[in-house]
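Undergrad: My questions will all concern the structure given below.
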Amino acid sequence: MSEMSYPAIPNPEGVERVYGELLARAPENKMAPRLDAVRRAVEILGDVHRAAPVIHITGTNGKTSTARMIESLLLAHDLRTGRFTSPHLESVTERISINGEPVPDATFVRVWDEILPYLTLVDEEFAARGEPKLTFFESITVLAFAIFADEPVDVVILEVGIGGSWDSTNVADGIVSVVAPVGLDHTDMLGDTLAEIATEKAGIIKPDGYLISAAQDPEVATILLDTARKQNAKYAFEGVEFGVVERARAVGGQLLTLRGLAGEYPDIELPLHGEHQGQNASLALAAVEVFFGGDRALTRDVVLAGFAQVRSPGRLEMIRSEPLVVLDAAHNPHGVRAASTAFKEAFELSHVHAVVGILGEKDALGIFEVLRKEYVDSTDATFRLYLSASDSSRAIAPEELQEIALDAGFDEDIITVCDHLDEALATAMENALFEQESAGVLVTGSVTVIGEARTLLAQPEESPAASRPAPEGLDSDIGLIPSAASDGGLLDDILAELAHDEPESDETQ
């Protein structure tokens, strides 16, 4: 890697170019089941994946939030961290974070330009063998390793893209393997059963390593336990060796007492909502205890400081207060169920306006069935659906979503179909504003919908990525392309009115 010094100045044009070069490769939902291409790339770059110890995270739901908590706890211990997560909400640079912040644009562009000739060499080697060149996800994984080596960092928090055993990130030797709750998702790539998916995810458990697992379905737990024993890895499971002792609602989040592997930690403030986030916190705490040896408790003040700084954008994130607008990237039935419980607990609304958009490969029927059970069958709140889509080519058309929602048991008279997300947001927010009782807007479904909504609703100075779409002519299934098909007039009018009426301090990011 180059030893030249470069100014850390914003470089959105360069990021746009690099993002275009990444998007020109096979997309991440078409990842090849292989590791040899990434192994060759990191080898030719000098084993950049071995530059720092790795905490490796897989699972179906909660991976990114758990990764952010682990990162925050390590930062509180004055360690320099590198975090790799996916997908991103607004800018591709979010996927690669240094010390809790997206990698600077200049670094992202410089390191990509430095490694591209080596990636091209790998592409040529594999093409000569009749195999595909490095995919989007393989390439950005290598880029992350190269950036972490270039910085350098003290520890890497590494989230899988999909699965585990053949995921591109699995070239790393994680000294701690973390498995968040496992459920059915990505069945087209990982298998149709929990056993198949669990077997794939268990592939990140390394010989002589340490497995830290969330509470799991018994079938999943058995597979993880058997794999750990075969790998001679130590193991600990939530609900057995560690877990949440007590939790209570608190302003802006919750108050927890956590039992770790080496001690108990009372009165921990976590600024995130939901029982599932408390469970993620216990998972993160156990992982960090093990990283530091696992035989002694962490300093409570450091743990307090670490959890107090946790943020998880797009996960029950209150982005506006008048009207209340909450964004949550729950994209499978299991995630929607957990988020719904947390949303109802945290906000206690009498009127819920849900803006929903879902990608084609997701279990849309299952998602709508959970929404109906959670909001129509189980509460007295008035509930309305606003169906729309992100700009991803994989997004289900709003009219098709309506048919699926009807199949799930929703009444047609509570459904509004909107061609564009800005229209859906504006209509839902306008209706919430005029409710006489407590009302709010929940935006949920695919991550692409959350990313687009976050950009549409944020003030320009709060969202520098808003002016950083993917290159013209390239379809982004991975991030946000602001809609060019709708002028957003109604949304602009509502936001302008809110900006005039609402105190600036009420904005929550």
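The values are calculated or read from the model by the stated rules, or taken from the named source; none is laboratory data. Bear in mind that the values here come from a model prediction, so they are computed numbers and not experimental data. Cβ placement follows ideal geometry from the backbone for every residue including glycine, while neighbour counts extend to all protein chains displayed. Ligands, DNA and RNA are stripped out before the accessible areas are found, and what is left, the full protein with its side chains, is counted by its heavy atoms. Shrake-Rupley method; radii C 1.70, N 1.55, O 1.52, S 1.80 Å.
Undergrad: Could you check what % of the DSSP bridge pairs in the stretch 317-457 are antiparallel, to the nearest 5?
TA: Rounded to the nearest five, the antiparallel share is 20 percent.
Undergrad: If one computes the Cα centroid of the stretch 349-387 and of the stretch 208-228, what distance in Å separates the two points?
TA: The two parts, judged by their Cα centres, are 32 Å apart.
Undergrad: Distance between the C-alpha centers of the stretch 124-203 and the stretch 53-102? Whole Å please.
TA: What the calculation gives is 15 Å, centre to centre.
Undergrad: If you don't mind, another one. What is the set of long-range amide H partners of residue 417 at a cut-off below 5 Å, with H atoms built 1.01 Å from backbone N?
TA: Hits under the 5 Å cutoff: 387.
Undergrad: Points 7 angstrom from Cα along the Cβ direction at residue 299 and residue 39: gap in nanometres?
TA: Between residue 299 and residue 39, the simple spin-label model gives 4.2 nm.
Undergrad: Can I ask one more? How much of residue 345 can a 1.4 Å solvent probe reach, expressed as accessible area in Å² and rounded to 10?
TA: Surface accessible to solvent at residue 345 totals approximately 60 Å².
Undergrad: Scan around residue 134 for amide H atoms under 5 Å from its own, H built in the peptide plane at 1.01 Å from N, and keep only partners 5 or more places away or cross-chain.
TA: Under 5 Å from the amide H of residue 134 lie the amide H atoms of 123, each far enough along the sequence or on another chain.
Undergrad: Heavy-atom accessible area of residue 299 with all protein chains present, probe 1.4 Å, nearest 10 Å²?
TA: 80
Undergrad: Moving to a separate point now. Using heavy-atom solvent-accessible surface (probe 1.4 Å) with all chains present, what is the largest-first order of 311, 50, 25?
TA: Largest accessible area first, the residues go 50, 311, 25.
Undergrad: If you plug each phi of the stretch 228-239 into the Karplus form 6.51 cos²θ - 1.76 cosθ + 1.60 with θ = phi - 60°, what whole-Hz ³J(HN,Hα) values come out, in order, with x for Gly and Pro?
TA: Values, residue by residue: 4, 5, 5, 8, 6, 9, 6, 8, 8, 10, 4, x Hz.
Undergrad: Now a separate question. Each residue of the stretch 202-210 in order: what ³J(HN,Hα) in whole Hz does its phi give by Karplus 6.51 cos²θ - 1.76 cosθ + 1.60, θ = phi - 60°, with x for Gly and Pro?
TA: 5, x, 7, 6, 9, x, 6, x, 9
Undergrad: Under a 5 Å amide H to amide H cut-off, with H placed in plane at 1.01 Å, what residues pair with residue 103 once short-range neighbours are removed?
TA: Hits under the 5 Å cutoff: 96, 97, 98.
Undergrad: Output ³J(HN,Hα) for the stretch 265-274: one whole-Hz value per residue in order, computed from phi by the Karplus curve 6.51 cos²θ - 1.76 cosθ + 1.60 with θ = phi - 60°, and x for Gly and Pro.
TA: 10, x, 6, 8, 8, 10, x, 10, 9, x
Undergrad: Once fully extended, how much extra length lies between residue 121 and residue 229, figured as 0.36 nm per residue of separation less the alpha-carbon to alpha-carbon distance?
TA: Here the segment from residue 121 to residue 229 would lengthen by 35.0 nm.
Undergrad: A follow-up question, please. Keeping all protein chains in position, work out how much accessible area residue 69 exposes to a 1.4 Å probe, and write it in Å² to the nearest 10.
TA: Residue 69 has an accessible surface of roughly 0 Å² with all protein chains in place.
Undergrad: From largest accessible area down, sort 112, 166; use a 1.4 Å probe on the protein chains.
TA: These residues rank, largest area first, as 166, 112.
Undergrad: Measure up 201/234; 344/373; 63/133 against 19 Å on the Cα-Cα distance and list the ones that go over.
TA: The answer is 63/133.
Undergrad: Ok, one more. Would the stretch 57-200 count as rounded, prolate or oblate if I go by the C-alpha gyration tensor, calling it rounded below 1.5 in a/c and otherwise prolate when a/b exceeds b/c, oblate otherwise?
TA: It is oblate, given that a/c is not under 1.5 and a/b is not larger than b/c.
Undergrad: Can I ask one more? Is the shape of the stretch 317-457 rounded, prolate or oblate, going by the alpha carbon gyration tensor and its root eigenvalues a ≥ b ≥ c, with a/c under 1.5 for rounded and a/b larger than b/c for prolate?
TA: Cα axes put the stretch 317-457 in the rounded bin.
Undergrad: Taking all protein chains together and a probe of 1.4 Å, list 159, 101 from the most accessible to the least accessible.
TA: 101, 159
Undergrad: Over the stretch 317-457, calculate the relative contact order: mean separation of alpha carbon pairs under 8 Å at least 6 apart, over the residue count, as a percent.
TA: Relative contact order for the stretch 317-457 comes out at 38 percent.
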